[in-house]
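Beneath this line is the structure, given in structure tokens, with notes to follow.
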Amino acid sequence: MTEDNNQNQVEDAKAKKPKKKKGPIRFEAIIPLVLVLVLISLYSMFFLDSHLRRAIELGALYAHRAEVNIKSLNLSFTNASLVMTGLQVTNYDKPEENLVEIGRISFDLSWDALLRAKFVVDNSEITSIQINSKRKRPGRILEKTKSAEKVGTQLSNVALDAAKDEYEGNILGDTATVLSGAKPEDQLKKIEGDLKASGKLKEIEKALKDKEKEWQKRLATLPKDSDLKALETKFKSIKTSNFKNPAEVQKSVKAFEQVFKEADTKLKEVKTAGSDLDKDIKTYKGAFNELEQMVQKDIKDLEKRLNIPKLDAQNISKMLFGKIIIDKLGKYSKWINMAREYMPPKKSADEKAAKKEEAITPKERALGRNYTFPKAKSYPLFWLKKAKISSKSSDAEFSGDLEGELVHVTSNPVLLGKPTVLNLKGDFPKQKIFGMEAKVTIDHTTEKPIETLDLVLGRVPVEKMMLSDSEDVSFGFNSAQTRTVAKATMQGQEINLNATTLFTQLDYVNKAKSPILNEVLAGVAKDLNKFDLVTKVTGSFSKFNLGLKSGLGQALQNSLKKQLDQQIQKARKQIKEMVDSKIKGEKDKLQSQINQFEKKLGAPINNAKGKIEGTKKNIEDSKKKAVNSEKKKIENKAKDLLKGIKF
Amino acid sequence: MGLILKQIFQFIKLLNSDTETGPLAAGLACGFILGMTPSFSLQTVLVILILFTFRIQMGAAFIGAFFFKFIAFMLDPVFHSIGSAVLEIEGMKGLYTSLYNMPIIPFTRFNNSIVMGSAVVSILLAPFVYILSRILIAKYRKTVVERFQQTKFWKAIKATSFYKWYHSYNSLYN
């Protein structure tokens with residue numbers, strides 16, 4: 001016990017022993033904190049750049065599915081700048097090449113914006129750009145995942161593909177076929193079952209038969225002769241003379257009215273049936289007339305199957321150059337859709353309302369109210385104020401002497417109120433492309449986004465451009481020089497493209513099995529040493545009108561028209577006659593069926609109508625007769641009475 | 001429920017410990033500010049930095065914040081009206097506009113009525129919470145803890161070998 005007390009006393013003494021007073025600042029925590037900060041600084045000085053570079057390379061590899069390399073990366077917190085050198089993006093389809101290689105990219109960010117959690121690049125430089133440059137070693141490729149393409153892009157691509165199919169033809173090859181003599185019989189035999197007019201004929205015939213059955217049933221329900229006879233007996237039994245008193249007259253009139261009403265109901269029934277029948281006959285006659293349009297369509301389809309060409313300059317130009325132009329349009333549509341996704345234009349009132357409707361959720365408690373004050377300085381989330389672009393030509397496959405600048409690339413063009421503008425000027429000596437000047441303006445500051453492109457390509461060589469290449473005919477150029485001036489705008493969904501390309505220094509390739517065509521092509525090649533191609537595209541990517549005019553088309557038209565017109569007209573006539581003869585018998589049969597239908601069903605209805613109307617008239621007459629006889633009787637009585645009174 | 005009980009026990013443990021009254025009261029005052037702030041914002045970071053730099057009882061601050069959050073939850077309508085009144089002072093609009101356009105400051109969400117109301121109330125009341133906590137802790141220690149330590153029951157417990165073992169364990173590892 002004493003021992004325990006002693007121990008307690010020692011403990012109490014220990015507890016009472018005054019502790020060393022500590023100051024108000026927690027140095028034991030601050031020192032480790034400072035140490036941690038120093039370590040972070042050292043890490044960012046020595047390792048952050050390389051780790052960030054590797055992270056970007058890895059992220060880009062998974063995003064692009066092909067290797068991306070960065071030679072060096074330098075991130076400076078004090079200057080808020082980023083410098084990247086030797087950026088190489090592997091071409092997914094050709095791993096031994098780079099899709100793009102950029103020598104140096106630098107970004108100077110604004111600290112003022114960063115402190116507001118915004119990324120504003122005051123200055124940027126992108127230099128030494130090379131396209132399709134060779135890689136030292138092939139880049140790593142990852143298997144592509146199913147890309148979630150936007151529906152809009154898919155739709156426009158579907159439309160473009162359909163348009164491409166339309167211009168897929170080989171007009172000179174078709175011309176050669178016609179020159180060798182088109183044989184519509186074989187084709188007609190093949191598509192006999194597919195003739196639209198034939199199908200329509202069968203359809204009308206079947207519907208007519210069904211309708212006839214329907215009408216037979218309906219006719220059975222209409223008033224018959226026996227009904228009319230019963231009605232006649234009924235009104236004939238009504239007293240029309242020898243009335244004893246006015247009450248008897250009244251009774252007869254009432255009976256007449258009742259029978260008249262009955263006859264009227266029956267007449268209405270018959271009349272309705274008559275007008276319904278008229279409607280049906282009209283429908284079938286109309287369908288019969290539509291047949292003629294089907295025949296025309298069948299003729300057109302057959303002409304297409306037989307590849308009978310339309311020999312006008314515009315069509316020739318479209319068939320020769322259409323596919324090339326649509327291929328290019330497809331590429332632009334992809335970029336425009338991308339720009340609209342990442343640089344969204346101002347939302348219309350409807351879109352805003354829709355979004356608001358989507359966003360309606362039960363308001364959380366205690367959210368308070370956010371007061372807004374005038375914003376003197378506000379930045380969009382991302383804003384690249386100015387980027388200088390420059391490049392010097394090198395040994396790479398596609399490199400050039402380029403100078404230009406890109407201004408106002410932003411994630412919120414509406415807030416910034418300035419359009420993105422890219423100006424580029426330069427030459428690509430290796431590709432022998434000179435005098436390129438491009439100005440791209442992307443204006444997404446309003447509800448209706450507008451993208452414009454002004455392009456001048458001073459001199460672009462064309463090598464091996466085959467406009468028509470088949471067994472029967474080969475036509476194109478081994479080489480040529482072109483100069484293009486183009487202006488394109490896209491406002492909302494409306495495209496407007498005007499481009500003029502001048503082809504000069506033409507070295508033609510012309511070969512045809514048909515001697516006539518060979519002669520025509522050789523003549524064109526000899527006389528035409530330059531021509532222009534005027535392209536006009538209007539409409540939207542999903543529905544556009546392509547207008548193509550070219551001097552080459554005109555020259556081909558002039559030379560081919562004389563040779564081919566007669567053959568083409570002959571083939572067309574032959575096709576028409578063949579289609580007509582195929583369906584003429586069936587057509588006449590249908591016509592007579594419709595006439596019979598009208599006659600067969602119309603006659604009993606009209607008969608019944610006439611009979612009921614006659615009965616109605618008889619009733620009316622008997623009623624009048626009864627009333628008049630009684631009237632006369634009263635008048636005579638009155639006269640007799642007046643005679644007895646002498647004044 | 002388990003979490004609340006744990007917090008209560010920790011708080012009682014703190015009150016009964018040797019911790020000085022000042023840091024404990026300061027911790028509670030800081031916890032009061034933290035608890036009243038509706039969401040994580042820049043002022044929360046500032047209070048945490050103060051906690052970290054100065055000798056303020058962190059446990060008390062976090063326990064305080066935990067409990068004050070419940071009161072703040074109920075006081076939100078009051079904070080909203082106070083905050084709205086403050087933000088609508090015509091003469092202050094110039095200052096608010098400047099603050100709104102400054103970097104970093106908008107992260108405090110000062111333009112929100114509840115954030116502003118809770119900040120005004122908590123900062124104004126923090127000194128009173130500090131003084132009141134100091135008085136109450138001192139009184140609690142004097143009237144409850146000391147009296148309890150004088151009881152035979154406590155003395156008996158202190159005499160047990162289990163307590164001695166726990167005491168030495170606690171002084172070594174706590």
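The values are calculated or read from the model by the stated rules, or taken from the named source; none is laboratory data. Just so we're clear, the structure is a prediction, and the values are computed from it rather than from any experiment. Every residue, glycine among them, receives a Cβ derived from its backbone with ideal geometry; neighbour counts consider all protein chains shown.
Summary of values
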{"read-out": "Hits in segment A:24-43 - residues which are in contact with a strand residue (DSSP E or B) (Cβ under 8 Å, 6 or more places away or on another chain) and either away from chain B (no Cβ under 14 Å) or among the aliphatic types (A, V, I, L, M) (or both)", "value": "A:ILE25"}
{"read-out": "Matching entry among A:ILE325, A:ILE336 (being closer than 30 Å to A:ASP443 by Cα and modelled with pLDDT of 70 or more)", "value": "A:ILE325"}
{"read-out": "Odd one out for B:GLU88, checked against (1) at the interface with chain A (Cβ under 9 Å from one of its Cβ atoms); (2) of a type outside the set (Ser, Thr, Tyr); (3) touching a residue at least 60 places away in the same chain (Cβ under 8 Å)", "value": "(3)"}
{"read-out": "Hey, B:SER133 within 12 Å of chain A (Cβ to nearest Cβ), among the small types (Gly, Ala, Ser) and within 25 Å of the chain's Cα centre (by Cα) or not", "value": "no"}
{"read-out": "Any chance A:ILE126 is β-branched (Val, Ile, Thr), surrounded by 18 or more Cβ atoms within 10 Å (Cβ to Cβ) and either free of Cβ contacts under 8 Å to residues at least 60 places away in the same chain or touching a strand residue (DSSP E or B) at 6+ places or on another chain (Cβ under 9 Å) (or both)", "value": "yes"}
{"read-out": "Selection count, segment A:232-255, where residues are farther than 19 Å from A:LYS633 by Cβ and either in contact with a Ser or Thr (Cβ under 7 Å, 6 or more places away or on another chain) or among the hydroxyl-bearing types (Ser, Thr, Tyr) (or both)", "value": "4"}
{"read-out": "Search result, residues across segment A:372-425 that are buried (at least 16 other Cβ atoms within 10 Å of the Cβ) and within 14 Å of another protein chain (Cβ to nearest Cβ)", "value": "A:PHE373, A:TYR379"}
{"read-out": "Filter result (part of a strand (DSSP E or B), polar (S, T, N, Q) and within 30 Å of A:GLU451 (Cα to Cα)) within segment A:489-525", "value": "A:THR489, A:GLN491, A:ASN496, A:ASN498, A:THR500, A:THR501"}
{"read-out": "The listed residue being touching a residue at least 60 places away in the same chain (Cβ under 8 Å), hydroxyl-bearing (Ser, Thr, Tyr) and either more than 13 Å from chain A (Cβ to nearest Cβ) or under 29 Å from A:ALA117 (Cα atoms) (or both), out of B:THR37, B:THR53, B:THR44, B:THR97", "value": "B:THR37"}
{"read-out": "Failed criterion for A:GLU57 (all others in (1) part of a helix (DSSP H, G or I); (2) modelled with pLDDT under 90; (3) more than 14 Å from chain B (Cβ to nearest Cβ) hold)", "value": "(2)"}
{"read-out": "Qualifying residues in segment B:102-127 (those that are more than 14 Å from chain A (Cβ to nearest Cβ) and over 26 Å from B:ASP18 (Cβ atoms)) - the one surrounded by the most Cβ atoms within 10 Å (Cβ to Cβ)", "value": "B:SER122"}
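Residue-by-condition table, conditions (1) over 24 Å from B:ALA29 (Cβ atoms); (2) aliphatic (A, V, I, L, M):
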| site | (1), (2) |
| --- | --- |
| B:ALA65 | no, yes |
| B:GLY83 | no, no |
| B:LEU99 | yes, yes |
| B:ASN112 | no, no |
| B:SER118 | no, no |
| B:ILE123 | no, yes |
| B:PHE148 | yes, no |
| B:HIS167 | yes, no |
